[in-house]
Structure formats: C-alpha cells, structure tokens
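Below: the structure, in structure tokens.
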Amino acid sequence: MRSTRLSDSQPLLSDSQHQEPPYVVLLTYQPPHTHRLLSKSCRRCLICFATLLPFLAAAAYLLWPSDPDLSIVRLRLDRLHFHTRPKISLDITLDLTIKVRNKDFYSIDYDSLLVAIDYRGKRLGSVMSDGGDIKARGTSNINATLVLDGVEILSDVIPLLEDLAKGAIPFDMTSQISGKFGVFFFDLHLKTQISCEVIVNTRNQKIARQSCYPEVKFPFFTGFTCILIDHFLHAYNGRSNYLSITFNYS
C-alpha cells in the first residue's frame with residue numbers, strides 16, 4: 001500500500017468553506033409621491049401666509065391705538081397784573097380752547113383736562129376741567145380758564161424784573177388730557193399732553209408769540225403696565241372678565 005503525503009502548502013479546507021455568510025440589506029418602503037405631497041402642502045401654506053400677511057398688517061395698522069392730537073386753537077390773556085406791596089405777586093387770567101382729534105376707530109372717554117402754567121420752571125398754578133367723550137374719528141373743543149390771584153414770586157424776582165424791563169414775560173403752559181377707550185375686551189388708558197411756550201407783552205397785555213409741541217407720541221410707549229383680570233379662566237363664573245392695559249407717559 002502506497003502512503004500518500006499531503007503537502008504543507010495544501011489547505012485543509014477549500015476556499016469555498018472560508019467564504020463569509022451573505023448579508024441581507026432591507027430597505028424601508030416609502031410610499032410613492034409622499035415627498036411631492038409634502039412639498040406641495042408646504043408651498044400652499046407659504047402662499048396662503050404670504051397672501052394673508054398684507055391684510056393682517058393693514059388690519060393691525062388700522063386697529064392699533066394711537067394718541068389723540070392736541071392743539072391749542074385759542075389762547076387769550078384777559079388779565080395780567082403785578083403787585084410789589086406788601087409782597088411781589090402776580091395776577092393772571094388765561095382763556096384757552098384745546099382741540100382734541102381722535103384718529104382711531106374707537107371712541108374716547110376722557111376724565112379731565114389739566115392746564116398748568118409755569119414761570120422759569122416754577123409751577124404758578126393749574127386748573128382742571130370736566131370730562132367728556134370724543135367719537136371715533138371725531139374732534140372736540142375743550143374750554144378752560146386759568147385764574148391766578150396773588151401768586152408769590154420770590155426766588156425769581158431778578159429775572160422777573162429783567163423780563164419786565166424787556167416788556168416780555170415767557171410762560172410755559174402744559175395741557176394734559178387723561179381718559180380711556182375700549183377695544184373689544186380691552187380697556188386702554190391713555191394720558192397725553194401738549195406743551196406751549198407763551199410770550200406775553202407786558203405793555204399791551206397781549207400774547208406776542210406762542211409755540212406748541214406734543215410731548216408724547218404713539219405708537220410706542222415710555223411705560224407699559226398690563227393687568228390680566230380673570231378673563232379666560234373665570235369667563236363664566238360671574239367675575240370681571242376683561243383685559244386692562246395702561247399706558248403711562250412721562
């Protein structure tokens with residue numbers, strides 16, 4: 001019997017026995033046209049939003065509250081008299097008419113009109129008129145009479161004598177209106193004012209010159225206080241349900 005000898009270089013196992021097991025790749029199934037449907041819906045949303053955006057901006061511009069316009073249409077000096085004895089004092093009477101124009105689509109209920117007069121930063125006196133209402137997109141004239149008797153002027157004696165020598169005395173007048181107007185479920189409280197510099201001729205006791213300018217303008221506010229009072233949570237419980245927003249000006 002002939003013995004056969006295997007060569008060292010001959011592999012014990014064939015190459016087919018060393019092959020790695022096959023891998024199976026599973027692909028997720030995507031329904032046809034899903035991506036196209038999503039892109040179409042997104043485009044529709046963008047088109048709708050772009051179409052509605054100008055209308056929303058126009059509605060916000062029209063409905064957003066703005067401050068009423070204040071202007072002094074009449075200012076008359078009825079009396080101006082100086083006293084040197086027993087002390088330096090001043091008597092003055094001013095009649096003025098303030099025109100208030102409501103630019104909004106809501107009516108305004110104003111509580112009062114405050115008119116004050118200053119001389120060189122010192123408050124001489126003030127007067128407050130009664131309240132009223134102004135219709136939407138309407139105007140109203142408010143009359144006020146400021147009467148000051150025996151107002152002492154001690155710290156400003158020297159400037160006052162200089163103004164008397166020049167024949168013209170400068171006064172600063174401030175007219176302030178306070179009120180509110182309702183916008184749906186909102187109560188908007190407003191306070192705006194107009195300031196005037198008035199030059200009075202002491203020789204003929206008439207107003208030589210006046211320049212007025214508003215101190216506060218909407219739509220952006222120097223102070224903002226928002227108070228929410230049981231509007232949504234207790235709408236049906238018999239409690240007060242409104243949103244009150246207060247705009248404070250300084």
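Just so you know, all these numbers are worked out from the coordinates, no wet-lab data involved. This one's a predicted model, so the numbers in the text were calculated from it and none came from an experiment. Cβ atoms come from the backbone with ideal geometry, glycine included; neighbour counts cover every protein chain shown.
Lysine pair count for the range 69-218 (Cα-Cα distance under 23 Å; residues 8 or more apart in sequence or on different chains): 21.
Expressed as a whole percent, how much of the Cα-Cα distance distribution for the range 69-218 exceeds 21 Å?
Numbers: 5247 of 11175 pairs.
That tail contains 47 percent of the Cα-Cα pairs.
Summarising the amide proton neighbourhood of residue 120: residues at separation of 5 or more, or on other chains, whose placed amide H is nearer than 5 Å comprise 172.
Taken along its principal axes, the alpha carbon cloud of the range 57-141 reaches lengths of 64, 22, 20 Å, longest axis first.
Restricting to Cα pairs below 8 Å that are 6+ residues apart, what does the relative contact order work out to for the range 69-218? Please round to a whole percent.
Details: 354 pairs, mean separation 35.5, N = 150.
About 24 percent, as a whole number.
With K and R counted +1 and D and E -1, the other residues having a Cβ less than 10 Å from that of residue 97 yield a net charge of +2.
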